[in-house]
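First comes the structure, then the notes that go with it.
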There are 2 protein chains.
Amino acid sequence: MNSFIENLALLRAKMKENNINFYIIPSTDPHLGEYTPEHWHLISWLTGFTGSAATVVISEAFAGLWTDSRYLIQAQNQLKNSGFVLMNAVNSEKKDYLRWITDNINNGDKLGLDGNLFSIETTRLIVKFLEKKDILFDFNCDLISGNWAARPPMPNSVAFDHAIRFCGKERAVKIAEVRHQMQNMGADFHLLTATDDIMWLLNIRGNDVKYSPLLLSFALVGEDQILLFTDESKFPLKLASEFDKLDVVILPYEETGGILSTLFSHSSILINPANTSAGLYNSLPEGMKIIEDLTIPARLKAVKNKTEIGNIRKTMVKDGVALTKFFYWLEQNAASGSLSEVMLGKKLDELRSLNENYLSPSFSTIVAFNEHGALPHYSATAESDIRIGNEGILLIDSGGQYLDGTTDITRTIALGFPTRQQKRDFTLVLKGTLGLACTKFPAGTKGYQIDILARKALWENGLNYGHGTGHGVGFCLNVHEGPQNIGQGHGGDLKISIESGMIISDEPAVYREGEYGIRIENLILCTEDKESEFGKFLRFETVSLCYIDKSLIDISLLDKKEIDWLNSYHADVYEKLNPYLSEKEKLWLEEKTSKI
Amino acid sequence: MNSFIENLALLRAKMKENNINFYIIPSTDPHLGEYTPEHWHLISWLTGFTGSAATVVISEAFAGLWTDSRYLIQAQNQLKNSGFVLMNAVNSEKKDYLRWITDNINNGDKLGLDGNLFSIETTRLIVKFLEKKDILFDFNCDLISGNWAARPPMPNSVAFDHAIRFCGKERAVKIAEVRHQMQNMGADFHLLTATDDIMWLLNIRGNDVKYSPLLLSFALVGEDQILLFTDESKFPLKLASEFDKLDVVILPYEETGGILSTLFSHSSILINPANTSAGLYNSLPEGMKIIEDLTIPARLKAVKNKTEIGNIRKTMVKDGVALTKFFYWLEQNAASGSLSEVMLGKKLDELRSLNENYLSPSFSTIVAFNEHGALPHYSATAESDIRIGNEGILLIDSGGQYLDGTTDITRTIALGFPTRQQKRDFTLVLKGTLGLACTKFPAGTKGYQIDILARKALWENGLNYGHGTGHGVGFCLNVHEGPQNIGQGHGGDLKISIESGMIISDEPAVYREGEYGIRIENLILCTEDKESEFGKFLRFETVSLCYIDKSLIDISLLDKKEIDWLNSYHADVYEKLNPYLSEKEKLWLEEKTSKI
């Protein structure tokens, strides 16, 4: 009996003890963000599956795991002999496990979960799915903590000040802005559970989580005080005394729920139900008026200030230099036949890490050769790694966390001679990237209203891609940051307008299963255009700086405006990057960015 | 004291008698559709205002009327000495009167309205607006019927069979389809309150309402029977015996609520809360399971069948012939300087009425010269009428109801020599009309995802229009027919995909206040394009047939594809229409449709 089988048996015994018939385990942590510390990798401990997104359901007769398409192969391998079945996740809402439970649970059964790991939105959905059955719920049921002997400790990185020359706005000013909006919304308190909201508000960063400079914490903003729930030992004296001046009081992380339960029951609190855990929500006193909406920091930090924008422009230069050096190196060494996807990823991360103010990659670097490129979220592992041959399509999606900005860029290049179909696909994707980047639109426009600009050329040729077109990007924060996005509007964020100062990715693609994938991604900054009698208009400025592989372009498919845009973009790339390149690299980039 | 002041005093006395502090009167009828018979023109009787959309609120101290921008001037004139104040309606949701009531009503007050004239959706909204106050509601409060002495009778047009050669599908087949879907949705009953749903289902038409061939009626579809609530005398014997065979039972219109209240309380019923009145809703027995959704006929009739599509194509020819003859006549007579907007409207209606199977205009014909064109819903009246001069921009939006289809088309033409700005505006609008008409898109695409194609060229030049781009069109039914539309997605109909067989208008525009308006509207039919490994794709086919004024086109703004489209469209227009024209008209159209 391996440890997974043992753990499963142990868990089932605990379930029996607590009269739980069905138990759900998520891959989230109490902050419900994208990246989680190992302390919360319950699924990996229980099943051996190490992918970042999954849900496990256990009953007496069943133990199954749901994950999304990018992890199916990995899960198949890792779940062997774990006692867990891999379930098919076909639905985009990722709530397939709820459908399964609905079909398999019996009247009178009890369903348990640890409410600290589920958003109140998700637990509501669970209740709604099961409303037609007579089910008991225990949403305060942690059956893991007591049984995980070698559990990794909570992360304990140290907080550091995010200097004003980077972030551009004093914490006192941000706090005042938040309080002003709280007043307008009639909220006495504002609970922040997303750690990036807290980092932004208090101008701090940490290192508790991979890929994002975050410090695990909750915050409760009141009229005069801010309670910051975290580990006091994480705060250097200087920062602690700064906080003292602003009446930011540090309290133990574990006491969040307890303190919330002591709030005045006739007061009001603003929370975001999408990232507030059911556990914290249920600790609020009865009778309290709960206002559910996006958090105020989420709306404020989406619009970058002038200092941040200035920094991002500079950061794009150094990030582009690293990419240029990488692609030059790649072209010099590709012929050797000795390179692999994993090696390329390491090399690129290494070049980026030489940059000033660099912290870490902003996500796991994607290097995907040929058929691997057709898997939109492929990430090379030791098992999947393949050699980069002389012929083929290479897709590289990568980004960096810097104190002065966060980057995210995808380039697809051809090794050897691309086929006609490859050139056609690439050019149609490029037309999409440009179509979105070059649009002008009235203030108040939502992302779903302009998404088609990235798809139009593809649609006209019977092509499409199955993901959104663009996500917001944080400033030295999460590389995927809401609330704005550009997509087909299937989700719920339909009310968010694109505003001047927002940064969004622009990443149309084509994936040909078993053959290759093509994606071209730039970050675009929304800026103001003219105002006319018809209102205020906005536009985008492309801020990412890296050449686009001309060998993959079929010029006959581009119109004059597109050709002009590309030539002008390439001139800009060369002008801004060449001062930081060696003579050989310069010559090489000059050729890569010469006019078409 | 005039009759309006008297009526108002009478109504206030009635309110006092019934302890009503605030009373709301709408412009709707019990079917909550767009056009209503005079029997329900309560507001016109009470205030003298004859516009088609308004809401009146009365309290002891206040009597006010809300209407939308198109009627403001008319209301100002008509409300003089009526005792009613004209309120500003600025909000697009048209619920400003609710905001006003919320601000002015006191705790303990009682709000009354006739629930037969408000959708359940609207009464829910009223309750929600006022939830923070302690208000009593009387939603069963008709204070008008007993006091309107000379009230016009209920309309009494006679039903007629909509022949199978027009509608293409037997009523028995439609009924079976509806019952099949009811079963899938778990609905024992299906209540139809929108008269066009009933017309479609039973292949009948009537003449109770202006502009739409409708017969006032409710229908309750059950597993075996259909109860049709209407006036039996409206049914010719032959039709009645046809209905008999299908177990369609005719019952008195007034008994609808009474019969609904006798339904088995453990059964289920499908209703659309947007057009089911609170009165009917409240008559359903307690405990009944109510499924709220679009009606099944609304979804089914939106997708036109092959016979309908064949008929529409033919109807577009005769409709286009009438338009061509009209514009030819106009050009011959414009120089006289004696023409006016009202005269042109009459002439066009007259030419259309000569067509086979013609019933009526499909809405009030819009003839708007110069600055009148800048009012999107302008309709010339004796008071507003102006002469058509030799120079200027003329916008004509019109349509016909035919047994074999419903048309709706807008053309804007120049009299004399258009300015550069007029040509630029026109050409940018044309680029929008074509941009939408020429797109291809994957099955499942929603209207809000492609709306920008009609706006893109305008946006790029700092222009825009404040209304939706396209509405569905009925088949010998309402000219505005849901559930599909093409717009910016502000409304609620976000879940409706555009399907093959749907007919939608394509009508971008530019309105320059005080100067002119330009709108180019065609009906477009959604058809199937190719299927690829990326899924099934759809496209549009433009079905309206009328030349587009080349004198307003700035060719330098069009690309080759757009020029090709226009030339090919014009060739098609000429080919299809010329057989029905006189020699002079032919020559004239040949020139109007010659290549650019």
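Residue-level analysis places B:N485 among those that are under 19 Å from the mean Cα position of the chain (by Cα), buried (at least 20 other Cβ atoms within 10 Å of the Cβ) and under 19 Å from B:P376 (Cα atoms). Contact annotation: residue pairs with Cβ atoms under 9 Å, 6 or more positions apart or on different chains, pairing a residue in region A:327-348 that is farther than 19 Å from A:L589 by Cα with a partner that is of a type in the set (D, E) and assigned to a loop (DSSP other than H, G, I, E, B), are A:S340/A:D385; A:E341/A:D385; A:V342/A:D385; A:M343/A:D385.
For region B:334-376, filtered to residues that are over 21 Å from B:V479 (Cβ atoms) and open to solvent by 50 Å² or more (accessible area, probe 1.4 Å), the residue that is modelled with the highest pLDDT is B:M343.
This table checks each residue for (1) in contact with a Ser or Thr (Cβ under 9 Å, 6 or more places away or on another chain); (2) touching a residue at least 60 places away in the same chain (Cβ under 8 Å).
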{"residue": "B:S532", "(1), (2)": "no, no"}
{"residue": "B:K560", "(1), (2)": "no, no"}
{"residue": "B:L566", "(1), (2)": "no, yes"}
{"residue": "B:K576", "(1), (2)": "no, yes"}
{"residue": "B:E585", "(1), (2)": "yes, yes"}
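B:K561 passes every criterion in (1) more than 20 Å from B:V473 (Cβ to Cβ); (2) charged (D, E, K, R); (3) away from chain A (no Cβ under 14 Å) apart from (3).
Here B:D529 meets the list (1) exposed (fewer than 13 other Cβ atoms within 10 Å of the Cβ); (2) touching a strand residue (DSSP E or B) at 6+ places or on another chain (Cβ under 8 Å) almost entirely, failing just condition (1). The strands (runs of 3 or more DSSP E) located wholly in region B:444-551 that include 3 or more residues which are within 14 Å of another protein chain (Cβ to nearest Cβ) occupy B:509-512, B:516-519, B:522-532, B:535-542. Across region A:99-133, the qualifying residues are those that are under 28 Å from the mean Cα position of the chain (by Cα) and without any contact (Cβ under 8 Å) to a residue 12 or more places away in the chain, and the one among them that is least open to solvent (accessible area, probe 1.4 Å) is A:V127. Of all residues in region A:144-182, which are of a type in the set (F, W, Y) and open to solvent by 60 Å² or more (accessible area, probe 1.4 Å)? Correct list: A:F160 only. Only one of the numbered conditions (1) buried (at least 22 other Cβ atoms within 10 Å of the Cβ); (2) assigned to a helix (DSSP H, G or I) is violated by B:S568, and that is (1). Restricting B:D188, B:D142, B:D196 to those that are more than 23 Å from the chain's Cα centre (by Cα), among the acidic types (D, E) and farther than 24 Å from B:F4 by Cα reduces the list to B:D188. Here is the figure for region A:390-417: residues that are open to solvent by less than 30 Å² (accessible area, probe 1.4 Å), more than 27 Å from A:M199 (Cα to Cα) and not in a strand (DSSP E or B) total 0. Filter region A:571-596 for residues that are open to solvent by 70 Å² or more (accessible area, probe 1.4 Å), more than 33 Å from the chain's Cα centre (by Cα) and farther than 18 Å from A:T412 by Cα and give the result. A:E583, A:K584, A:L587, A:E590, A:K595, listed by residue number.
Of a type in the set (A, V, I, L, M), within 23 Å of the chain's Cα centre (by Cα) and within 14 Å of another protein chain (Cβ to nearest Cβ): does that describe A:I409? The answer is no for A:I409. Filtering B:G514, B:G535 for residues that are open to solvent by 30 Å² or more (accessible area, probe 1.4 Å) and at positive phi leaves a single hit, B:G514.
The number of residues in region B:13-29 that are touching a helix residue (DSSP H, G or I) at 6+ places or on another chain (Cβ under 9 Å), among the charged types (D, E, K, R) and either over 30 Å from B:L228 (Cα atoms) or open to solvent by 30 Å² or more (accessible area, probe 1.4 Å) (or both) comes to 1.
Considering A:L46, A:L32, A:L42, A:L10, the condition of being aliphatic (A, V, I, L, M) and open to solvent by 60 Å² or more (accessible area, probe 1.4 Å) is satisfied by A:L10 alone. Condition check for B:A219 on (1) of a type in the set (A, V, I, L, M); (2) touching a residue at least 12 places away in the same chain (Cβ under 8 Å); (3) in a helix (DSSP H, G or I): one failure, at (3).
Can you tell me which residues in region B:418-443 are within 11 Å of another protein chain (Cβ to nearest Cβ) and either open to solvent by 10 Å² or more (accessible area, probe 1.4 Å) or among the small types (G, A, S) (or both)? Residues satisfying the conditions are B:G435, B:C438, B:K440, B:P442, B:A443.
Consider region A:258-284 and keep the residues that are touching a residue at least 40 places away in the same chain (Cβ under 8 Å) and assigned to a helix (DSSP H, G or I). The one that is surrounded by the fewest Cβ atoms within 10 Å (Cβ to Cβ) is A:N282. Annotation note: of A:G501, A:G491, the sole residue that is of a type in the set (G, A, S) and modelled with pLDDT of 95 or more is A:G501.
The values are calculated or read from the model by the stated rules, or taken from the named source; none is laboratory data. Just so you know, these numbers come straight off a predicted model, no measurement behind them. Cβ sites come from the backbone with ideal geometry, for glycine too, and all protein chains shown count toward neighbours. When the accessible area is computed, the model is the full protein with side chains, heavy atoms only, and any ligands, DNA or RNA have been set aside. Shrake-Rupley method; radii C 1.70, N 1.55, O 1.52, S 1.80 Å.
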